[in-house]
Each structure stands twice: as C-alpha cells, then as structure tokens.
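Student: Below is the structure I would like to discuss, written out as structure tokens.
The values are calculated or read from the model by the stated rules, or taken from the named source; none is laboratory data. Computed from a predicted model, the values in this text were never measured in an experiment. Don't worry about glycine lacking a Cβ; one is built from the backbone with ideal geometry, like all the others, and counts go over all protein chains shown. Note: areas computed on protein heavy atoms with side chains; ligands, DNA, RNA excluded. Shrake-Rupley method; radii C 1.70, N 1.55, O 1.52, S 1.80 Å.
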Amino acid sequence: MMSRILFLFLFMSVALISCKKKEYQLGSDLIDQNSLLEGTSVDTFDILSYSIIEDSIISDNASNVLLGSYNDPLFGAFSSSFYTQLRLASVDPNFADPSTIVIDSFVIGLEYLGYYGELDDQSFEVYQLDESLSIDSTYYSFNTLSHNGVNLVPAEHAVITPKPLDPTVIGEDSLASQLRIYLDTNLARTLINEASDDNSTVFSSNEEFLDYFKGLYITTNNSMQMQGEGAALYFDINDPSSKATIYFHQDTVATSYDLIINSECADFTNVQINNTGSAADQVVQDSTLGNNAYYAQAFGTRAALSIPGLQNLPENIIVHRADLELPIQFQTGYKYRPGVNVSVATRADSVSSDLVNVGVFGVYDDLNKRFNINIREYTQAIVNKTLPLTEIVVSPLYFINSAERIVFNGKNTINKEKPRLVLTYTSY
C-alpha cells in the first residue's frame with residue numbers, strides 16, 4: 001500500500017507552491033559550471049529564518065482530497081473536510097416496482113491514498129448540500145457551501161477507526177483500502193422513488209440530477225481530540241471505487257445502484273487550522289523567534305529565509321554550487337514525519353505577493369535529519385543583479401493536498417545542527 005501511495009504521489013501535480021505561482025527561469029545566462037575546475041568555498045553566511053502565513057490556497061479538483069483532523073502540540077488543531085458532487089452511473093435507471101425493494105444499506109466508499117498523523121477513532125458526518133458546486137468555479141480552502149443541516153450518518157455508524165493499510169472486503173471481493181461511511185437509508189429510498197416517478201426528469205441526465213441533488217459535504221466532528229491524537233486522511237475520489245452505493249434486495253435478488261464521483265465532478269477541500277497561541281503562531285507573530293525554530297505546514301504556514309550576505313558577493317564570480325542545509329527537528333518513527341521533498345520559491349521583487357519557482361526541490365536527508373537544497377541559480381541571479389535579494393520560501397511539496405508539517409532549526413537553536421549555506425564559486 002505504501003509503495004502504491006508513493007507511486008500515485010509521484011504523479012500528482014507538483015506546481016503547488018502557490019495558487020499564484022508563476023514559471024520563472026533563474027540562471028539561464030550562466031556560464032557552464034562544468035567547465036570550471038577550481039573554486040573557493042565559504043560557509044559563514046548569516047541566515048535569518050521565520051514563518052509566514054498563506055491565506056489564499058486554491059483547493060478545488062486537486063489530485064486528492066483531505067478528510068479528518070489532528071491536534072498537533074506545536075501547530076495546533078488541523079481539521080479538513082471536503083465538498084463534492086455525485087453523478088449518475090446510468091441515466092433513467094429502472095427500479096421496476098419500488099415497493100418491492102428492501103434497502104440493505106447506503107454507503108459512501110472513499111479510496112485511501114494515505115494519511116498524516118495517528119490512526120485514532122474519528123467521528124464522521126455527511127450533509128446534503130443546498131448550494132450548487134461548479135466545475136468552472138475556483139474554490140479556496142477557506143470556502144464553505146450551505147447544507148441542509150441534517151447529518152446523514154446514523155449515530156451507530158459515526159465513529160470509525162481509519163484503516164488505510166488494510167484491504168477492504170465487500171462480499172467476496174478484497175479491494176484496495178477504503179473508508180466506508182454508512183448513510184441514512186431514507187435518503188436512498190427518496191432517490192429510488194424519485195427515479196421511479198414517471199413525472200420526474202431528475203434521473204434523465206446529470207444536469208437534471210445535479211440540480212436536484214447538489215452534492216455532499218463530508219466532514220468530521222472531533223471536538224474532544226487531545227494533543228497528539230488524530231490524522232488527516234487522503235482520498236482519491238476520482239478512483240472508480242470512490243462512490244456512493246445503494247445496496248438493496250428486490251424479489252430476493254441482491255443488487256445495487258451507484259452514484260459516482262469522477263473528474264467531471266466539482267470538488268474542493270476545506271481546511272481549518274486553529275493555531276492560536278501555538279509555537280508556530282508565536283513565530284508568525286514575532287519573526288525574531290524564528291531564529292530559534294521556524295515552521296512550515298501544508299495549507300497554512302511557509303518557512304522563510306533571508307541571507308543578507310548574498311548581496312555583498314562580488315559581481316565577477318561564477319557560482320558552482322550553493323548548498324543550503326536546513327536541519328529539522330524530527331525523530332525517526334515520529335507520527336508527524338516530513339515529506340521526501342520541499343518546494344523552494346522566491347519573489348520576483350520585494351513588494352510582490354506572488355511566489356516564483358526557483359527550479360529545484362529540497363531533498364530530505366534522513367541520516368542527517370535535514371533538507372538539502374542547491375540554490376545556485378537563485379544565488380547567481382542575485383550576483384548578476386537579475387533578481388533582487390528576496391526571501392527564500394520553503395514549503396511542504398504537496399502544499400494543497402497533504403497535511404505535512406516541518407519544524408526547522410534556526411541559527412540560535414539549542415540543538416546541534418543549524419542552517420548553513422556552503423557557497424562554492426570562481427572569480428574571473
């Protein structure tokens with residue numbers, strides 16, 4: 001399962017630096033560094049570190065959605081929900097005489113991609129939307145839609161222990177792991193009756209159906225979650241296994257009808273982060289505290305670095321390498337693990353709110369517990385005066401479809417390893 005998760009993640013869009021991210025090529029005018037055989041190295045740069053808040057994250061139609069919550073001792077409470085449309089598996093279904101139908105269950109199945117945190121019990125809730133979604137609209141992680149306020153999950157089925165590493169068995173079939181949430185069968189009965197009504201056109205097309213049944217809001221209610229408990233769960237809702245299914249008997253024959261979720265369905269993730277008073281929040285409020293430790297978390301906080309000494313480099317140098325080492329606070333096996341990469345960005349100028357990709361990823365070195373980033377092109381651009389000295393912004397790679405968080409050591413950390421830039425260059 002974990003290898004499958006990694007395989008799928010490799011095909012996710014990595015253009016997740018920001019909803020406003022631009023393509024920007026740094027260092028395109030560099031002399032070929034391979035032609036340079038010698039260089040001078042220096043590693044005495046002062047590195048200032050802090051955290052910044054990202055408040056406008058586009059979260060619609062990402063490669064996966066998030067559902068669930070966890071209470072982080074350093075970052076505060078992270079809660080994720082999602083909104084999605086459902087579409088007809090087939091139009092004009094023939095349920096014959098609906099009075100002969102016995103509904104066994106109504107279940108929404110969501111195929112797992114992974115999780116972040118601890119696999120504790122969570123209480124799930126599902127609501128029918130009163131407000132329509134649109135595949136052509138832009139939705140942010142702070143957006144919400146109105147619903148009817150009636151929880152469709154019966155109380156006896158609300159609390160579920162997530163098991164993303166175990167196969168799901170349905171009848172005699174063993175399938176990839178799913179979260180299966182049982183819904184009120186009265187809704188299933190209403191849908192079957194509507195489909196069987198000769199005067200109704202609801203099931204004649206997806207357009208008619210979406211006007212009648214606008215979609216679902218799927219969330220959790222874990223108000224009593226303690227620090228260190230819970231997880232954000234990742235789901236591939238475009239997989240054919242992710243769907244809502246009515247299971248029923250008709251004249252003793254077992255059958256089913258699906259409402260599907262696919263790439264034509266509009267969806268988005270809503271994320272709420274309550275980090276008031278947390279260690280991460282304190283650094284956001286007082287940037288100087290970031291020189292002790294600074295923080296990054298998907299959907300909310302980005303790590304930022306300023307290296308003032310780069311503007312004092314002479315103009316007559318060619319940068320061979322600029323190896324930025326960012327040690328983190330993490331023990332192998334801890335529930336809040338870093339990802340294998342971080343994204344690295346900067347700003348085109350000092351007043352811009354837009355982030356631009358510097359063309360590299362940071363790679364996690366588990367042996368030394370740090371991220372290694374070669375910022376050669378960024379550094380050469382500053383030397384060449386084609387880029388002003390702007391901050392370097394570091395974020396979890398999957399910023400809009402994960403719940404990863406990272407604690408970095410600042411220059412004044414009480415821990416052994418501190419951030420360091422090793423610059424190798426040649427003068428001409």
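Student: Would you please give the FRET efficiency between Lys418 and Met226, computed as 1/(1 + (r/R0)^6) with r the Cβ-Cβ distance and R0 = 41 Å, to the nearest 0.05? List each step's numbers first, then the result.
Tutor: On the way: r = 33 Å, r/R0 = 0.80.
FRET efficiency, Lys418 to Met226: 0.80.
Student: Pairs of Cα atoms under 8 Å, at least six residues apart: use those to get the relative contact order of segment 144-248, whole percent.
Tutor: Details: 48 pairs, mean separation 16.4, N = 105.
Over segment 144-248, the number comes to 16 percent.
Student: Next question. Counting only protein heavy atoms and using a 1.4 Å probe, what share of the accessible area of segment 198-297 belongs to carbon plus sulfur, as a whole percent?
Tutor: 44 percent
Student: Take each of the peptides 84-96, 101-113, 42-54, average the number of other beta-carbon atoms within 10 Å over its residues, and list them starting from the highest. Don't jump to the answer; show the numbers that get you there.
Tutor: Values: 84-96: 15.6, 101-113: 20.5, 42-54: 17.6.
Highest to lowest by the protection proxy: 101-113, 42-54, 84-96.
Student: Report the FRET efficiency, 1/(1 + (r/R0)^6), for Asn186 and Val363, where r is their Cβ-Cβ distance and R0 is 45 Å, rounded to 0.05. List each step's numbers first, then the result.
Tutor: Values: r = 52 Å, r/R0 = 1.16.
After rounding to 0.05, the efficiency reads 0.30.
Student: Another question about this same structure. For segment 38-88, with all protein chains present and a 1.4 Å probe, just round the carbon and sulfur fraction of the accessible area to a whole percent.
Tutor: Details: 780 of 1650 Å².
Carbon-and-sulfur percentage of accessible area, whole number: 47.
Student: Within segment 411-428, whose backbone N sits under 16 Å from a point 7 Å along Cα→Cβ of Asp46?
Tutor: Output list for this probe position: 411-413, 419-421.
Student: Give the distance, in whole Å, between the Cα centre of segment 212-258 and the Cα centre of segment 364-428.
Tutor: 40 Å
Student: With the calculation restricted to Cα positions, what are the radius of gyration and Dmax of segment 318-414 in angstrom?
Tutor: Answer for segment 318-414, Rg first and Dmax second: 14.4, 44 Å.
Student: Asn61: net charge of surrounding residues, Cβ under 12 Å, Lys/Arg +1, Asp/Glu -1, itself excluded? Before the final figure, lay out the partial values.
Tutor: Numbers: positive: none; negative: Asp60, Asp136, Glu264, Asp267.
Result for the neighbourhood of Asn61: -4.
Student: Can you give the calculated 222 nm mean residue ellipticity of the chain, where each DSSP H run of n ≥ 4 adds -39,500 (n - 2.57) and the sum is split over every residue, rounded to the nearest 500 deg cm²/dmol? Before the final figure, lay out each step's value.
Tutor: Numbers: 5 runs with 43 residues, N = 428.
Dividing the helical sum by the residues of the chain leaves -3000 deg cm²/dmol.
Student: Then there is this: Excluding Ala158 itself, calculate the net charge of residues whose Cβ lies under 11 Å from the Cβ of Ala158, where each Lys or Arg counts +1 and each Asp or Glu counts -1. It would help to have the intermediate numbers written out before the result.
Tutor: Working: positive: none; negative: Asp121, Glu125, Glu156.
For residues surrounding Ala158, the net value is -3.
Student: Let me ask something else. Could you compute how much accessible surface Ser174 exposes when probed at 1.4 Å, giving the result in Å² to the nearest 10?
Tutor: Counting only protein heavy atoms, the figure is 80 Å².
Student: Please work out the average accessible area per residue across the chain, using the 1.4 Å probe convention, and give it in Å². Don't skip to the answer; put the middle values down first.
Tutor: Working: 18980 Å² over 428 residues.
That works out to 44 Å² for each residue.
Student: A 19 angstrom limit on the alpha carbon distance is what I want to check against. Which of Lys214/Lys243; Lys335/Lys369; Lys385/Lys418 exceed it?
Tutor: Numbers: Lys214/Lys243 15 Å; Lys335/Lys369 15 Å; Lys385/Lys418 28 Å.
Table pairs above 19 Å Cα-Cα are Lys385/Lys418.
Student: Taking a ≥ b ≥ c as the square roots of the Cα gyration tensor eigenvalues, with a/c under 1.5 meaning rounded and otherwise prolate when a/b beats b/c, else oblate, which class fits segment 98-142? Display every interim value, and only then the final one.
Tutor: Details: a/c = 2.49, a/b = 1.20, b/c = 2.07.
Taking the square roots of the gyration eigenvalues as a ≥ b ≥ c, segment 98-142 is oblate.
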